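Taking it in order: structure first as structure tokens, then the write-up.
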Amino acid sequence: MKSKEGKQKEVVKASFWYLISNVILKGINFWTVPIFARILTQSEYGYFNNFATWLSIITIVATINLSTSLPRARFDFEDDFGNFISSNLLLGSFSVVCFFLVFLLNKSWLLNIFSLDIKYIYIIFGSLFFLPAFTMFQQVQRFAYKYKMVILLTVLTTIGNVIFSFLLIYLMDNNLDARIYGAQLPTFLVSLGLYGYYLLRFHRFRFSYCKYALAIAVPYVAHMLANTVLSSIDRTMITSICGAEDNALYSMAYNIALILTILYDSMNSAYAPWLGEQLHAKNYLEIKQYSYGYILCYGIIVLGVMLIAPELLWILGGEAYIPAKYVIPPVLLGVFFLFLYSMYVNIEQYEKKTKGMAIATIIAATLNLVLNYLFIPRYGYVAAAYTTLVGYIFLFVFHYILVKKMGFSMVYDSQYIVKISMIMCILTLITTFLYESMVLRFIFAGIYIFVLLYIGIKNKKNIIKFIKKSDD
């Protein structure tokens, strides 16, 4: 049994390497955006983002997102966890086949909704058949803080995505086909290998394991689906209402948020398993103490990215995409509230209380759809950023209430979180106005750097102690 200090070191070390790998690997995708934005036409770029949106939505529904049962199942089925995974891999494949048959029986009207060529739908379902093996393997490795294999597979799929895309663009006449095929092939191959690994090693199928997973995953599917709708359907609606070109502008601005999602994914990859262990041991005070710096650090980084976002937008897409800069502040603030409410979602997921999560996100997604329908035709694609922000704020409030009713209000300091949230809203409003003047924005950025340095110097001893502790 590892000591408390040893476990903390594992969390810090895993968080560090997840961050480094994600910055490098997802950064590859981030910095190849300008290249693909210039290879593809604006219409093709918008179409590719529409494909990505539907891929994320269909993935959640067709695979039932069974990996969401693993955070708690690793405690409940510790002695037979391998067979729990293999049983649910088979269930996931069966589900994908069933949804594919449903599509074939209703393809005439579904294709009108998707606004995709049928060959791309075939690509989606073909990729999904083995995909759960990849997601479950990543989860298992993260529980044990074994980041090396996760990083290796991420390297293969991320770099493979870029290499195959460029290779196929060179070999094929249709650049859009090449981009979509190249993006899906590496993940498909890795998922296929992992699928075979699990089924060869663990042979016992138990329906009781599937029943357990379904009880957690089905409500979570509704949560994830509604969350995807909340974060992505605006692009589909922009394409339908304003056209693919406006969707390209909106999507390019949304790419700035990738910087923050890279960071969030990295931090949460280590934080969520650690949180589950602390909840299991009832170490609530330790969670609260850790959360202060965790939240403040993320908020500071969000503000920093917000201040230089117009320059990042210019680097990514060039002068043609600069008009989309006003999308960025509300989008980044929305990511901050996503970060906050996910801290509460981690608690709900551990406690297997996924029904409330589903209800909350469905309401938020419905609210987002209604607001998009009302405001996008009137104010254009920029309105979608604000409607999404409203949805994320609603989710933060709703999940806070859910966790409080569950009896876990002691885990986080609510007053502290509300204060940080209000400060972030005010600073976002100020930054939006500063986009009108580069000089004033750079002055504000200078103040930001000065304050950051002041905080760093004032807490120099604690920072050095933390770094030394993580290097041991």
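The values are calculated or read from the model by the stated rules, or taken from the named source; none is laboratory data. Note that this is a predicted model, so its numbers are computed, not measured. Here the Cβ is made from the backbone with ideal geometry for all residues, glycine too, and neighbour counts use every protein chain on show.
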Can you pull out every residue in the stretch 111-141 that is in a helix (DSSP H, G or I) and not hydrophobic (A, V, I, L, M, F, W, C)? ASN112, LYS119, TYR120, TYR122, GLY126, SER127, PRO132, THR135, GLN138, GLN139, GLN141
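Identify, please: which residue in the stretch 142-164 is β-branched (Val, Ile, Thr) and either modelled with pLDDT under 80 or assigned to a loop (DSSP other than H, G, I, E, B) (or both) and is, among those, surrounded by the most Cβ atoms within 10 Å (Cβ to Cβ)?
VAL150
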Taking the options ILE455, ILE376, name whichever one is among the hydrophobic types (A, V, I, L, M, F, W, C), out of contact with any Gly (no Cβ under 9 Å at 6 or more places or on another chain), surrounded by 15 or more Cβ atoms within 10 Å (Cβ to Cβ) and assigned to a helix (DSSP H, G or I). ILE376
Which residue out of PHE134, PHE99, PHE75 is more than 25 Å from PRO186 (Cα to Cα) and touching a residue at least 40 places away in the same chain (Cβ under 8 Å)? PHE75
Those residues of the stretch 86-117 which are farther than 21 Å from TYR198 by Cβ and aliphatic (A, V, I, L, M) amount to LEU101, VAL102, LEU104, LEU105, LEU110, LEU111, ILE113, LEU116
Kindly evaluate GLY407 against the criterion of being out of contact with any strand residue (DSSP E or B) (no Cβ under 7 Å at 6 or more places or on another chain), without any contact (Cβ under 8 Å) to a residue 40 or more places away in the chain, surrounded by fewer than 17 Cβ atoms within 10 Å (Cβ to Cβ) and not in a helix (DSSP H, G or I). yes
Condition met for THR361 (of a type in the set (S, T, N, Q), surrounded by fewer than 18 Cβ atoms within 10 Å (Cβ to Cβ), part of a helix (DSSP H, G or I) and at pLDDT below 90): no
With the structure loaded, tell me whether LEU199 is surrounded by fewer than 24 Cβ atoms within 10 Å (Cβ to Cβ) and modelled with pLDDT of 90 or more or whether it fails that test. no
Where the second residue is among the β-branched types (Val, Ile, Thr) and part of a helix (DSSP H, G or I) and the first is at pLDDT 90 or above and lies in the stretch 370-389, which pairs have Cβ atoms under 6 Å and are six or more apart or on separate chains? LEU371/THR387
Hey, among the residues in the stretch 236-246 that are part of a helix (DSSP H, G or I) and over 20 Å from the mean Cα position of the chain (by Cα), which one's surrounded by the fewest Cβ atoms within 10 Å (Cβ to Cβ)? SER240
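Applying the selection to the stretch 210-235, what residues are of a type in the set (S, T, N, Q) and either buried (at least 22 other Cβ atoms within 10 Å of the Cβ) or over 16 Å from the mean Cα position of the chain (by Cα) (or both)?
Within the stretch 210-235, ASN227, SER231 meet the criteria.
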